[in-house]
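First comes the structure, then the notes that go with it.
The values are calculated or read from the model by the stated rules, or taken from the named source; none is laboratory data. In this text, all values refer to a predicted model and were calculated from it rather than measured experimentally. Here the Cβ positions follow ideal geometry from the backbone for every residue, glycine too, while neighbour counts run over all protein chains shown.
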Amino acid sequence: MNDTEKPELPARVARDVGGTLTVALAYIGDRLDLFKGLARGPAGSHELAERLSLNERYVREWLKAMVASEYVEFDGERYFMNDEQRAAFADEGGMGFLGGSFQLAGATVQKLPGVIEAFRNGGGVPFAELGPEVAEGIDRLHRPAFDHLLVQEWLPQVPDLEPRLTRGAHVLDVGCGLGRSARAIAAAYPRSRVTALEPDSWSMRRARELCAGLDNVEFAETTLEGLDSTRRYDFALAFDCIHDMVDPVAELRRIRQCMADDGLFVWVEPTGSTDPRENRNPVDRMRACISPLHCLTVSLARDGAGLGTIIGEHGARDLARRAEYGRFRKLPIEHPQQQFFLLQR
């Protein structure tokens, strides 16, 4: 660097700290419905505060920060949201909704003291101690995919799967969370029967509520270890959960053992590389940074393998080999944050 060049690192730190504080304020906006309130129409700070019964002075400063962050617009008199901003921050359930990211990030950083303790003494923070907000944030983060992509685009790209589901198949949804994937499959393929597996009690209660009225979904509040070993499944789905598990190889082996001889297993993992230099992009950096705060710590809390969030295709292939799968292939499903693998016995 010569004398006329400015150092880049301070600018990146300012950007990242500003981004962190932006997320904190966006979390507040999501929790207090500030985005949704503003999406109802342009407003000044007093009008928006009245709409939501909030303190005007805080609302005014929040609006200024959101304009600086380009999450909200300002015409000199009133604040408003453009179409892209409304879709991202106010259209709950829409394809472009991003509010779950704020909830997951905001709730996760509130657990930093436990993670700091784990840095010092080992162990981790169990999933149950992360609290309902983390579980709900994960659900809202993945909701656009489950509501708009899973049965509409992704499953039809799995060879020979859709005809089976249409005729009627027994489906295992591993780590179903709040039940959104189970509901999507059960509703789209009424002749199939879905067994939704989730060990977290709070998540399971919400999943039962979400799937109420669907008579082809059954729930098992357990891990794979507690699954009925006599049942055989035609199709299994594990979305973004294998890397969190205490013993991923053993759990993959249990899935294989409960599959029908010609069963299909779709395993979904985050994008990203095991070479950290290749994760210097916004999506993969986000995954790399959440790893010690969530995926790693929930596994190590139970003396688990602690794989972390990003295992890459190479890591997935190695786990599948150790779990003695006969076939493994990466599916040509394009998504900026997920990669898809098809496994068979």
The stretch 166-199, residues that are in contact with a helix residue (DSSP H, G or I) (Cβ under 6 Å, 6 or more places away or on another chain) and of a type in the set (D, E, K, R): 173, 180, 183, 198
Quick one: is residue 104 assigned to a helix (DSSP H, G or I) and outside the structural domain of residue 293 (by TED's automatic domain parsing)? yes
If a residue has to be among the aromatic types (Phe, Trp, Tyr) and either modelled with pLDDT under 95 or within 17 Å of residue 264 (Cβ to Cβ) (or both) to count, how many in the stretch 178-218 make the cut? 1
Is there a residue in the stretch 321-334 that is small (Gly, Ala, Ser) and touching a residue at least 40 places away in the same chain (Cβ under 8 Å)? yes
By residue number, the members of the stretch 111-165 that are more than 17 Å from residue 295 (Cβ to Cβ) and of a type in the set (Lys, Arg) are 120, 140, 143, 164
Provide a single number: the residues in the stretch 224-277 that are outside any loop (DSSP other than H, G, I, E, B) and not aliphatic (A, V, I, L, M). 23
Could you tell me which of the residues 61, 77 is farther than 24 Å from residue 137 by Cα, assigned to a helix (DSSP H, G or I) and not hydroxyl-bearing (Ser, Thr, Tyr)? 61
Note on the stretch 85-137: residues closer than 30 Å to residue 72 by Cα and either polar (S, T, N, Q) or more than 18 Å from the chain's Cα centre (by Cα) (or both) are 85, 86, 87, 90, 101, 103, 108, 110, 112
Hey, can you tell me all the residues within the stretch 171-211 that are within 20 Å of residue 148 (Cα to Cα) and either assigned to a loop (DSSP other than H, G, I, E, B) or aromatic (Phe, Trp, Tyr) (or both)? 175, 176, 177, 178, 179, 189, 190, 192, 211
If we keep just the residues of the stretch 289-345 that are assigned to a loop (DSSP other than H, G, I, E, B), modelled with pLDDT under 95 and not polar (S, T, N, Q), which is surrounded by the most Cβ atoms within 10 Å (Cβ to Cβ)? 345
Out of 334, 313, 278, which single residue is assigned by TED's automatic domain parsing to the domain that holds residue 131 and over 20 Å from the mean Cα position of the chain (by Cα)? 278
Just to be sure I understand, how many residues within the stretch 188-213 are acidic (Asp, Glu), crowded, with 18+ Cβ neighbours inside 10 Å and either touching a residue at least 60 places away in the same chain (Cβ under 8 Å) or over 16 Å from residue 138 (Cβ atoms) (or both)? 1
Per the filter on the stretch 64-80, residues more than 18 Å from residue 19 (Cβ to Cβ) and either loosely packed, with under 14 Cβ neighbours inside 10 Å or free of Cβ contacts under 8 Å to residues at least 24 places away in the same chain (or both) are 73, 74, 75, 76, 77
Just one listed residue, out of 47, 61, 92, is outside the structural domain of residue 285 (by TED's automatic domain parsing) and within 30 Å of residue 180 (Cα to Cα), and it is 92
Residue check for residue 31: at pLDDT 95 or above, within 24 Å of residue 294 (Cα to Cα), among the charged types (D, E, K, R) and surrounded by 14 or more Cβ atoms within 10 Å (Cβ to Cβ): yes
